[in-house]
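Okay, structure first, notes after.
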Amino acid sequence: MTIDERLRSGLGARAELTDSEIERKLSVTLQRGRRRRTLRRVGSAVVVGVMALGLLVALPKLLSTSNRKEPVGPLSPSIKAHSPSPIVGTYTLVLGPRDPGAQRLHAVGTWVLTFRDDGDASLSRGNAVGAGGYRLVPASVLITGLFDSCQGTEAGDYSWVISDGVLRFFKPSTDPCPLRRFVLLGPGHGHGWVVGPAT
């Protein structure tokens, strides 16, 4: 075999070997590139999905916040709108025998509650009238007296609001006098005292 023949046979073998190595390396590189692209696409899809989910969760809250009116303090009763104290006025509550607790506490009847400008308060049912007082503090009203059984006890501290012509006392409220607490607040659900005297 001549040197030329040996060289040709050697070069042919080396060329085949080189081609297969290059193809293998190229194949590995292409696979890595495909894997990276796939991971990038999956990552982008996950990020977009998380952002869309966050938007879906936050959108109703944003819309309700933008539609919600700023909270306002208790509205003044229309009969005394010029009064410096927003709770001043007369309010009526009718408790029937079917109202929870009314019969047991002998509270059935038409009650009239009055708050005056000078800090005096009164509560009447028929001819019986109880005297007391009140003082507005931030977020609540302190009420004293109104019932003989409440005289000498500490003031009842009541959260309250006037809305749509109705005064409601609501929790959190504290009162050491159970009868006053029941008549003003009710058994936990808040009695509705209608603005205006009994008709």
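The values are calculated or read from the model by the stated rules, or taken from the named source; none is laboratory data. Computed from a predicted structure; not experimentally measured. We place every Cβ from the backbone using ideal geometry, glycine too, and count neighbours over all the protein chains shown. Side chains are part of the model used for accessible areas, which takes the heavy atoms of the whole protein and leaves out ligands, DNA and RNA. Shrake-Rupley method; radii C 1.70, N 1.55, O 1.52, S 1.80 Å.
Here TRP193 clears all of (1) open to solvent by 70 Å² or more (accessible area, probe 1.4 Å); (2) more than 24 Å from the chain's Cα centre (by Cα) except the condition numbered (1).
Being loosely packed, with under 15 Cβ neighbours inside 10 Å, among the β-branched types (Val, Ile, Thr) and closer than 22 Å to ALA198 by Cα is a property that does not hold for VAL112.
Let's see how each residue does on (1) at positive phi; (2) surrounded by 15 or more Cβ atoms within 10 Å (Cβ to Cβ):
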site	(1), (2)
GLY89	yes, yes
ASP117	no, no
ARG135	no, no
VAL141	no, yes
LEU179	no, yes
PRO187	no, no
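Scanning the stretch 1-29 for residues being modelled with pLDDT of 70 or more and open to solvent by 90 Å² or more (accessible area, probe 1.4 Å) gives a total of 4. Inside the stretch 143-163, residues that are surrounded by fewer than 20 Cβ atoms within 10 Å (Cβ to Cβ) and at positive phi make up a count of 1.
For (1) more than 18 Å from SER149 (Cβ to Cβ); (2) at pLDDT 90 or above, each residue gets a yes or a no:
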| residue | (1), (2) |
| --- | --- |
| GLY101 | no, no |
| HIS106 | no, no |
| ASP118 | yes, yes |
| SER122 | no, yes |
| ARG125 | no, yes |
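Of the residues ALA131, ALA107, ALA121, which single one is at negative phi, open to solvent by 50 Å² or more (accessible area, probe 1.4 Å) and out of contact with any Cys (no Cβ under 9 Å at 6 or more places or on another chain)? One residue alone meets the criteria, ALA131. Checking the structure you have, find out if any residue of the stretch 106-120 is more than 25 Å from PRO86 (Cα to Cα) and in a helix (DSSP H, G or I). No, the stretch 106-120 contains no residue that is more than 25 Å from PRO86 (Cα to Cα) and in a helix (DSSP H, G or I). The residue that is nearest to PRO100 (Cα to Cα), counting only those in the stretch 164-177 that are in contact (Cβ under 8 Å) with a residue 12 or more places away in the chain and surrounded by fewer than 15 Cβ atoms within 10 Å (Cβ to Cβ), is LYS171. Step by step: first the residues of the stretch 166-199, then only those that are touching a Phe, Trp or Tyr at 6+ places or on another chain (Cβ under 8 Å) and assigned to a helix (DSSP H, G or I), then the one that is farthest from VAL141 (Cα to Cα). Which residue is that? Among them, the one singled out is LEU179.
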